[in-house]
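First comes the structure, then the notes that go with it.
Computed from the coordinates by the stated procedures, all read-outs in this text should not be read as laboratory data. Values in this document were obtained by computation on a predicted structure and should not be read as measured data. Because the Cβ atoms are built from the backbone with ideal geometry, glycine has one as well, and the counts that use them run over all protein chains shown.
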Amino acid sequence: MNNLPRVSRQTWRFSKDIRILGSGVATGPLEGDGPLGKEFDCVFEDNYASEDSWEKAERKMLGKAVDAALQKARLTGEDIDVMLAGDLLNQIITSNYTARGLDLPLLGLFGACSTSMEGLAIAASLVEGGFVRYALTGCSSHNSTAERQFRYPTEYGGQKPPYAQWTVTGAGASVVGVGTAGPRITHATIGKVTDMGIKDPFDMGTAMAPAAADTIMKHFQDLNITPDYYDLIVTGDLGKVGYAILKDMLKDAGYEMSPHYRDCGMMIYRQDQDVFSGGSGCASSAVVTYSHIMNGLCSGKYQRVLVVATGALFSPVSFQQGESIPCIAHGVAMERVLA
Amino acid sequence: MSEYFIAFLVGGFICLIGQLMLDLTKMTPAHVMSTLVVAGVVMDGLGLYDPLIDFAGAGATVPITSFGHALYHGAWAEAEKNGLIGIITGIFEVPSAGISSAIVFGFLGALVFKPKG
């Protein structure tokens, strides 16, 4: 195998010592009450985060996550050469308005819930290419802003089927650069848009599982590895429904995912937290990756982790016009470096 | 006492139909609501809804199907008086109390609470 950055059409290898120098997470109260709550940098007591709209609350969370990431990386905004951020709202307003207050060069991203790893992969490649010294990447979602945008206003009180998911309220951010501390980013596999014809916007786990399976298999094939190369593989937000489908799909392809495979959307909440099939949203993978997984890679609980963030690329208009839901998944591999 | 029971059963049965439409089909809440309204219109057109109200009282007047019943009644009464144009002018005559109070109380609610979330 060669050592060029381009392993294949979809997989990149990072040859520099690119690290996640610091990461930060801010969430709402339901997430803070979940099993990973203790690992979050900032948990707001209510979904308004003391603001007067949910949209402003979401921005505040992204801002807090960015602050925490910079602080842990021992850097300031002036050290950051580019910010890569995205969210679920029209024209990615959370990212744009957050960056307005940061005085940073911004590249806005939209990959729906795959934005976390899209941003991390691009951040690492910009550092690898020498265009930036330090990149800041982050994303956010908010249950109430997402409900308003994609489904029904919360006041409407529409019922949801049990296979629906619960958009995570929170934000995650990280600082990427060449350094000597923090987990190393080794590879990224960029996903292709996959559409299996699912039209139900409540059933995103089923819609997204094939995209995740495609990216994971491509990653294994390109690097000639098997699932047990990693001691943790997570998908972003497939929920219970998509989790089971993905495991079956990979088993059929000859990859046994248990016991290494988990889903961020199922890790954030307890079983009794009434979130239907599990968490979803940009923040699902970002919050888990930039808290629990970073901590695990620093403490030695995990040695190698593959995060595959899954995104459903539909809009309220495309859904109302009866279009099916195109999906995507981006994977980023990280490993612990012994000091 | 038995009229309470009958109202509960009939009203509950209409809601059960709505719940089954939500659970067993891909219909959205808006689809279910419109379908029940149209069902009320059709039932009233066939002369079935008034006997149902006589039988079940609030069990038939509270669910959304009675909105269809009211639409039909208003349209029919005006049509009898003024011909075809009456269907248009009369359609909201009976339900106008419901529609107007929804707007007025919605407005009052919005003054007290936070309508934009």
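Calculate for chain A the 222 nm mean residue ellipticity that helices alone would give, adding -39,500 (n - 2.57) per DSSP H run of length 4 or more and normalising by residue count, nearest 500 deg cm²/dmol.
When only DSSP H runs of four or more count, the value is -9500 deg cm²/dmol.
Is it possible to state the helix-based mean residue ellipticity at 222 nm for chain B, with each DSSP H run of 4+ residues giving -39500 (n - 2.57), the sum divided by total residues, to the nearest 500 deg cm²/dmol? What is it?
After summing the helix terms and dividing by the residues of chain B, the value is -25500 deg cm²/dmol.
At R0 = 25 Å, how high is the FRET efficiency between B:L9 and B:L46 if r is their beta carbon distance? Nearest 0.05 is fine.
0.70
Check cross-link reach from A:K240 to the lysines: straight Cα distance under 21 Å, and skip same-chain residues fewer than eight apart.
Result set, ordered by chain and number: A:K160, A:K199, A:K251, B:K26.
Cross-link partners among lysines for A:K72, C-alpha distance below 22 Å, same-chain residues fewer than 8 apart left out?
Result set, ordered by chain and number: A:K16, A:K38, A:K60, A:K64, A:K301.
Rank the residues A:H292, A:H219, B:H31, A:H260 as a footprinting-exposure proxy: fewest other Cβ atoms within 10 Å of their Cβ go first.
B:H31, A:H260, A:H292, A:H219
Could you tell me which residue out of A:S141, A:G265, A:G197 lies farthest along the dipole of region A:118-277 toward its positive end? Charges go on the beta carbon: Lys and Arg +1, Asp and Glu -1, centred on the Cα centre.
A:S141
By DSSP, what percent of the beta bridges with both residues in chain A are antiparallel, rounded to the nearest 5?
The antiparallel fraction comes to roughly 65 percent.
Lys/Arg Cβ at +1, Asp/Glu Cβ at -1, dipole of chain A taken about the Cα centre: which of A:L126, A:S15, A:N47 is farthest positive-ward?
A:S15
Quick one: if the Förster radius is 45 Å, what FRET efficiency do A:E78 and A:V193 give, using the C-beta to C-beta distance and rounding to 0.05?
0.75
Please give the length that would be gained between A:Q221 and A:N90 if that part of the chain were fully extended, namely 0.36 nm times their separation in residues minus their C-alpha to C-alpha distance (nm, one decimal).
Value of the extension gain: 43.6 nm.
In which sequence would B:L20, A:L102 go, from the one with the fewest C-beta neighbours within 10 Å to the one with the most?
B:L20, A:L102
Could you check the spin-label model distance between A:A244 and B:M1? Points 7 Å from the Cα along Cα→Cβ, value in nm.
4.6 nm
Taking each full run of DSSP H in chain B as one helix, which ones are at least 27 Å long along their axis (Cα atoms) and have mean Kyte-Doolittle hydropathy of at least 0.5?
The qualifying helices are B:2-24.
Can you compute 3J(HN,Hα) from phi for each residue in region A:4-13, using the Karplus curve 6.51 cos²θ - 1.76 cosθ + 1.60 with θ = phi - 60°, rounded to whole Hz and x for Gly and Pro?
5, x, 8, 7, 8, 4, 10, 10, 10, 10
Sorting A:W12, B:W76 on the 10 Å Cβ count, fewest up front, what's the list?
Result, fewest neighbours first: B:W76, A:W12.
How large is the dipole of the protein assembly as shown about the Cα centre if only Lys and Arg carry +1 and Asp and Glu carry -1, each at its Cβ, rounded to the nearest 20 debye?
With Lys and Arg at +1 and Asp and Glu at -1, about 1540 debye.
Starting from the amide H of A:L106, placed 1.01 Å from N in the peptide plane, find each other amide H under 5 Å away whose residue is 5 or more places distant or on another chain.
A:M83
What's the center-to-center distance, using Cα atoms, between region B:19-82 and region A:1-77 in Å?
Each part reduced to its Cα centre gives a spacing of 51 Å.
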